[in-house]
Amino acid sequence: MNSPSSRIFPGAPDTRAIAPTLLVQTVSGEQVTVENRPWQYALGANFSAQVGDQVTLTGYYQSGVFEVSQINNLTNGKSVVLRDATGRPGWSGRGQRNGG
């Protein structure tokens, strides 16, 4: 999914929730939620979005669920990569295999 005309859904981000979420409504009316660890990671990377911002979501479907790998805010110019090209989450650490 890469929809340049997706917009932040009214009422989001929901800062009242214990774990804030980003709700995006696509031009086709589908709602995509970025929440929990992916959203915390985005916020920690200084990504921000406000109601009405135009965003693009890039990602893939896994077991019928859309996994967001990158969010671009076209309104404020901020961008965050949540998962690398293999789908590995940025918050998972890098591991120390073979001494490296």
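Hey, rough spin-label estimate for Val27 and Asn76, points 7 angstrom out along Cα→Cβ, what's it come to in nanometres?
2.4
Search the structure for amide H atoms under 5 Å from the amide H of Ala49, placed 1.01 Å from N in the peptide plane, and list their residues when 5 or more places away or on another chain.
none
Length gain on complete extension for the stretch Ser48 to Phe66, per 0.36 nm per residue less the alpha carbon to alpha carbon distance?
Numbers: separation 18, 0.36 × 18 = 6.48 nm, distance 2.06 nm.
Fully extending the segment from Ser48 to Phe66 adds 4.4 nm.
Read the figures in this text as sums done on the coordinates, not as results from a lab. These figures come from a predicted structure and were not determined experimentally. Don't worry about glycine lacking a Cβ; one is built from the backbone with ideal geometry, like all the others, and counts go over all protein chains shown.
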